[in-house]
Amino acid sequence: MSASLVLTRANHLVTVQDRGRRGAMRYGVSQSGAMDWVRFAQALALAGGTPHAAFEVGVLGAGFRASGRVVLAVTGPGFAVRVDGAEPRVLTPPVRIVLADGESLSVEPGRAGMWAYVAVPGLDFGPPVLGSYATNARTGLGARDFARPFPVAETPPLEPLSPEDIALPGGPIGILPGPQQHLFAPAVQALFAAEPYRVTDQLDRMGYRLEGPPLEASTHDIISDGIVRGAVQVPGNGQPIALGADRAPTGGYPKIAVIAAADFPRLVQSRPGDTVRLRWLTRPEAEKRRRAVAALLQKPFAPRVRSDFTSEFLASRNLIGGVVAADPDRSDPPDP
Amino acid sequence: MGLMDGATLRGSGESAFVVEFGDTIDPEAGSRVGRLAAAFDALAPAGLVEIVPTFRSLLVEYDPDVTDEATLLAALPAAEGPDAAAAPAAAWRVPVAMDGALAEDLAEAAERLALPPERLTEIFLAGTYQLGMYGFAPGFSYLSGVDAALAIPRRASPRAPMAAGSVLIAGGMAALSPQPMPTGWYVIGRTPVPLFDPDRTPMVPFAVGDTIRFRRVDEAEFARLAARADGGLARETP
């Protein structure tokens with residue numbers, strides 16, 4: 001019997017993502033791709049390593065129903081997974097679940113975390129656009145029709161599994177120099193790494209607005225240049241914006257810094273109201289951190305030893321209201 | 001001249017760098033960006049993820065598991081090839097309608113510039129423009145070469161979405177927009193040329209560094225050209 005998966009509960013924060021659309025930024029096409037590259041990669045690995053893309057689920061959650069046997073891998077810090085069917089259960093990601101015919105699964109936000117990933121071995125997302133399955137929220141490039149069930153081809157004989165989450169490096173969020181770091185006086189560069197910045201509710205896949213001591217540059221209006229994921233741009237009000245997967249490929253605000261790849265997942269999983277601290281890293285230091293995370297992703301999954309509630313639960317104190325209220329069109333101030 | 005002579009290297013995180021040839025819109029800087037981009041395209045070095053040329057700089061993004069900044073720069077030819085400077089950018093003739101609803105903001109822009117509308121169109125049509133970069137949105141083309149008489153600041157707040165194919169001016173630049181979106185620029189005309197198609201190779205009609213001159217068409221010809229696959233785009237005869 002051929003299987004399929006249908007999204008029974010979708011919203012604008014549910015998209016299809018992969019590692020991003022590469023090679024077309026020079027034509028004005030955004031990179032897109034998963035916001036949290038670590039949890040995305042973990043979901044793919046947990047799904048047996050065959051999928052190229054996954055559903056990205058934001059803080060409004062999502063619901064799925066299986067027709068036939070479907071294996072799903074769900075990752076995402078702070079989220080919960082509820083399975084409804086013959087054997088109702090609530091599970092904590094990362095988790096691999098086998099749904100029987102007619103069973104449903106919902107991904108529910110908890111008190112921490114912004115993005116969860118659902119990877120399904122054998123699921124057909126349809127043809128890629130410009131070599132990528134990623135959806136760009138702003139242009140609609142790669143958008144999928146969620147009203148239609150996704151066919152799931154024969155899947156590998158994977159069993160349910162609850163492995164440990166990836167232990168990301170702790171401490172302040174690492175930052176490296178951005179291409180206009182020189183437009184900020186050394187004292188301003190030091191300030192950025194010395195003071196706490198608050199994550200505001202102005203956030204989406206394009207970028208996260210932070211709030212803290214203003215960062216003054218010699219000019220806040222440059223001739224546009226290319227922007228990488230994690231770049232921190234500073235408009236005239238001095239409040240930094242950390243740019244995400246759906247950022248425009250170029251922009252005219254000076255970029256003081258770029259968030260280290262190993263630390264970007266922690267930033268994007270932060271909730272409005274959370275405070276982040278930053279720290280300048282050298283390239284070799286950032287490299288070392290990234291390689292450490294990549295090595296963890298290569299390790300075979302070990303079953304989780306559940307000792308107590310995760311520190312995410314204990315540390316979290318913010319609810320999702322602010323995020324839901326964020327205006328999806330606000331985002332990055334447009335260039336033209 | 002070496003491809004990197006006089007360039008400033010800027011960091012951009014752990015897997016990218018920016019080669020900066022200046023901090024203003026300058027044709028010489030733009031040409032050097034174009035030649036460096038062409039060199040990377042021709043080399044296609046292992047681990048190069050993508051490059052983003054702009055008016056004055058080139059963003060180079062790479063896979064740090066495969067290569068690094070020093071390796072990529074060392075792979076560049078020591079000097080620009082003999083034909084590099086001579087390699088002609090393409091020159092295009094682009095139809096543009098500048099009447100009525102197809103030039104929605106023309107009267108407003110002319111008033112801001114204290115010019116009669118016909119004078120604005122005359123100055124605009126006399127210009128030769130250079131494609132400086134794509135950015136902001138798929139196929140959104142930034143053009144340099146706008147006459148100083150047409151330098152108009154951006155609107156304080158964006159106007160309602162313009163139509164696809166809009167020809168825009170603001171901030172001393174011109175732009176072509178492949179899709180409707182709100183804009184702080186002024187819509188002074190519309191081209192029937194399709195500006196972005198992800199299923200076409202290349203997905204945009206122009207390369208960075210190409211030159212563009214406009215040819216005015218009336219509304220009837222606009223409608224006729226809009227029905228053609230190329231929208232009436234033509235190469236200038238050399």
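How tilted is helix B:27-43 with respect to the longest principal axis of chain B? Cα atoms for both, answer in degrees (0 to 90, nearest 10).
For B:27-43 against chain B, the angle is about 50 degrees.
For the range B:156-170, what does the Karplus curve 6.51 cos²θ - 1.76 cosθ + 1.60, with θ = phi - 60°, yield as ³J(HN,Hα) per residue in whole Hz, taken in order and with x for Gly and Pro?
5, 9, x, 7, 4, x, 7, 7, 4, x, 4, 9, 10, 10, 3
Normalized C-alpha radius of gyration of the range A:173-296, against 2.2 N^0.38 Å?
My calculation over the Cα atoms of the range A:173-296 gives 0.98.
Is the range A:1-40 best put as rounded, prolate or oblate by its Cα gyration tensor, with a ≥ b ≥ c the root eigenvalues, rounded for a/c under 1.5, and otherwise prolate when a/b is larger than b/c, oblate when not?
Prolate shape, in that a/c is at least 1.5 and a/b is the bigger ratio.
Taking Rh as the Kirkwood radius computed over C-alpha pairs, what is the Stokes-Einstein D of the range B:1-83 at 37 °C in a medium of viscosity 0.692 mPa s, expressed in µm² per second?
Approximately 257 µm²/s, per Stokes-Einstein.
Between residue B:160 and residue A:9, with labels modelled 7 Å along Cα→Cβ, what's the label distance in nm to one decimal, could you check?
Here the modelled spin labels are 3.8 nm apart.
Taking N as the number of residues in chain B, what is its Cα Rg relative to 2.2 N^0.38 Å?
1.09
Using the heavy atoms of the protein chains and a 1.4 angstrom probe, tell me the accessible area per residue for the protein assembly as shown in square angstrom.
39 Å²
Counting pairwise Cα distances across the range A:3-161, what percent come out greater than 19 angstrom?
More than 19 Å apart: 49 percent of the Cα pairs in the range A:3-161.
When only the heavy atoms of the protein chains count and the probe is 1.4 Å, how do A:2, B:57 rank by accessible area, highest first?
A:2, B:57
Hey, if you put +1 on the Cβ of every Lys and Arg and -1 on every Asp and Glu Cβ in chain A, which of A:269, A:222, A:189 ends up farthest toward the positive end of that dipole?
Comparing the listed Cα positions along the dipole, A:189 ranks first.
Can you give me the long-range amide H partners of residue A:257? Hydrogens built in the peptide plane at 1.01 Å from N, cutoff under 5 Å, separation of 5 or more residues or another chain.
Amide H to amide H, under 5 Å and 5 or more residues apart or across chains, residue A:257 pairs with A:178, A:232.
Taking the simple approach of a point 7 Å from Cα along Cα-to-Cβ for both residue B:151 and residue A:285, what is their distance in nm?
Taking the simple label geometry, residue B:151 and residue A:285 are separated by 4.2 nm.
Starting with the highest mean, order A:283-289, A:118-124 by the number of other Cβ atoms within 10 Å, averaged over the residues of each peptide.
Result, highest mean Cβ count within 10 Å first: A:118-124, A:283-289.
Where does helix B:117-126 land angle-wise versus the long Cα axis of chain B, in degrees 0 to 90, nearest 10?
30 degrees
Can you give me the pair-distance distribution of the range A:94-214, C-alpha pairs, 10 Å bins, whole percents?
Taking every Cα pair in the range A:94-214, the percentages come to 8, 25, 29, 22, 12, 4, 0.
How would you classify the range A:29-107 from its alpha-carbon gyration tensor, with a ≥ b ≥ c the square roots of the eigenvalues: rounded for a/c under 1.5, else prolate if a/b is greater than b/c, otherwise oblate?
Prolate shape, in that a/c is at least 1.5 and a/b is the bigger ratio.
Given contacts defined as C-alpha pairs under 8 Å and at least six residues apart, what's the relative contact order of the range A:173-296, whole-number percent?
Once divided by the residue count of the range A:173-296, the mean separation gives 36 percent.
Hey, can you grab everything whose amide H is under 5 Å from the amide H of residue A:80? Only 5+ residues off in sequence or another chain; H modelled, so Pro and N-termini drop out.
The list, which skips near neighbours in sequence, is A:108, A:110.
Please report the carbon-and-sulfur percent of the accessible area for the protein assembly as shown; probe 1.4 Å, protein heavy atoms only, DNA, RNA and ligands left out.
56 percent
Amide H neighbours of residue A:29 under 5 Å, counting only residues 5+ apart in sequence or on other chains, H built in-plane at 1.01 Å?
B:139
What are the ³J(HN,Hα) values, in whole Hz, obtained from phi via the Karplus relation 6.51 cos²θ - 1.76 cosθ + 1.60 with θ = phi - 60°, for each residue of the range B:184-190 in sequence order, with x given for Gly and Pro?
Each residue of the range B:184-190 in turn: x, 8, 10, 7, 10, x, 9 Hz.
Considering only C-alpha atoms, what is the centroid distance from the range A:139-187 to the range A:261-276, in Å?
12 Å
Over the range A:132-196, consider all pairs of different Cα atoms and compute the Kirkwood hydrodynamic radius from their mean reciprocal separation; express it in Å, one decimal.
The answer is 18.2 Å.
Which value, in nm² and rounded to one decimal, describes the direction-averaged projected area of the C-alpha convex hull of the protein assembly as shown?
Average of the hull's projected areas for the protein assembly as shown equals 27.2 nm².
Let me test this: with uniform point scatterers at the alpha carbons of chain A, what is the Debye-based log₁₀ I(q)/I(0) at q = 0.15 1/Å?
-1.26
Nearest 100 Å² is fine: what is the total accessible surface buried where chains B and A meet, probe 1.4 Å?
3600 Å²
From the phi of every residue in the range A:167-182, what ³J(HN,Hα) in whole Hz does the Karplus formula 6.51 cos²θ - 1.76 cosθ + 1.60 yield, where θ is phi - 60° and glycine or proline is x?
These are the phi-based 3J(HN,Hα) values: 7, 6, x, x, x, x, 5, x, 10, 10, x, x, x, 10, 4, 5 Hz.
Would you work out the charge dipole size for the protein assembly as shown about its Cα centre, treating the Cβ of every Lys and Arg as +1 and the Cβ of every Asp and Glu as -1, and quote it to the nearest 20 debye?
Here the size comes out at about 980 debye.
The values are calculated or read from the model by the stated rules, or taken from the named source; none is laboratory data. Computed from a prediction, not measured in an experiment: that's the story for all the values here. Positions of Cβ are backbone-derived with ideal geometry, glycine not excepted, and every protein chain shown enters the neighbour counts. These accessible areas exclude ligands, DNA and RNA; they are computed on the full protein's heavy atoms, side chains included. Shrake-Rupley method; radii C 1.70, N 1.55, O 1.52, S 1.80 Å.
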